[in-house]
Amino acid sequence: MLIILLIVSAILGDNVNYLVGRKLGVRIFEIKWLSKIIKREYLTKTELFYEKHGGKTIIMARFVPIVRTFAPFAAGMGKMDYKKYITFCVVGGIVWVTALTLAGYFLGTNAWVQKNYEKVIFGIIGISVLPILFGFLKSKFSKQ
């Protein structure tokens, strides 16, 4: 029952974020101090990015702290097709909640994990940052 409630919550939360990005995201450019930081060309790049990589971004973003907060907003702001978005949002929500809940349950009952809790936490943080690191390195070296 808990997993089902968490899946519904994850999907609803991301949908609110998507809709806020869709309805209010473009208004960011009307705020003077923000328009100096966030340029309209970034919106065009976001739209192109989500056209090409939107589905896998929505799923993978669930597993990356901080990114999971901004990905649905950017998808909405970038006008990602809602049918495509909701499909990947549901798949990502199911995979993310199920995987993390079950991993937490089984790892929490493991004696080694209980004795080495700090190492496990740092390992999880390290694994969470790897997709960002790989993406950065790929973009850095592919330009050269």
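The values are calculated or read from the model by the stated rules, or taken from the named source; none is laboratory data. This structure is a prediction, so every number in the text was calculated from the model and none was measured. We place every Cβ from the backbone using ideal geometry, glycine too, and count neighbours over all the protein chains shown.
For first residues located in region 116-141 and more than 14 Å from Ile66 (Cβ to Cβ), partners that are hydrophobic (A, V, I, L, M, F, W, C) and surrounded by 11 or more Cβ atoms within 10 Å (Cβ to Cβ) and lie 6+ apart or on another chain with Cβ distances below 8 Å form the pairs Val120/Leu107; Val120/Val113.
For region 1-23, the set of residues classified as free of Cβ contacts under 8 Å to residues at least 40 places away in the same chain and more than 19 Å from the chain's Cα centre (by Cα) consists of Met1, Ile4, Leu5, listed by residue number.
Checking each residue in region 50-72 for being under 18 Å from Lys23 (Cβ atoms) and either modelled with pLDDT of 90 or more or in contact with a Cys (Cβ under 7 Å, 6 or more places away or on another chain) (or both) picks out only Pro72. The residues on offer are Ile3, Ile7, and the sole one that is modelled with pLDDT of 75 or more and in contact with a Gly (Cβ under 6 Å, 6 or more places away or on another chain) is Ile7. The residues of region 1-58 that are among the hydroxyl-bearing types (Ser, Thr, Tyr) and within 13 Å of Ala74 (Cα to Cα), listed by number, are Tyr18, Tyr42, Thr44, Thr46, Tyr50, Thr57.
It is to be established whether one or more residues within region 102-109 are modelled with pLDDT under 90 and outside any helix (DSSP H, G or I). Within region 102-109, none of the residues are modelled with pLDDT under 90 and outside any helix (DSSP H, G or I). Contact list please: Cβ distance under 7 Å, first residue in region 89-104 and surrounded by 14 or more Cβ atoms within 10 Å (Cβ to Cβ), second residue outside any helix (DSSP H, G or I) and of a type outside the set (D, E, K, R), pairs at least six apart or on different chains. As it stands, the answer is Trp96/Phe63, since those pairs meet every condition given.
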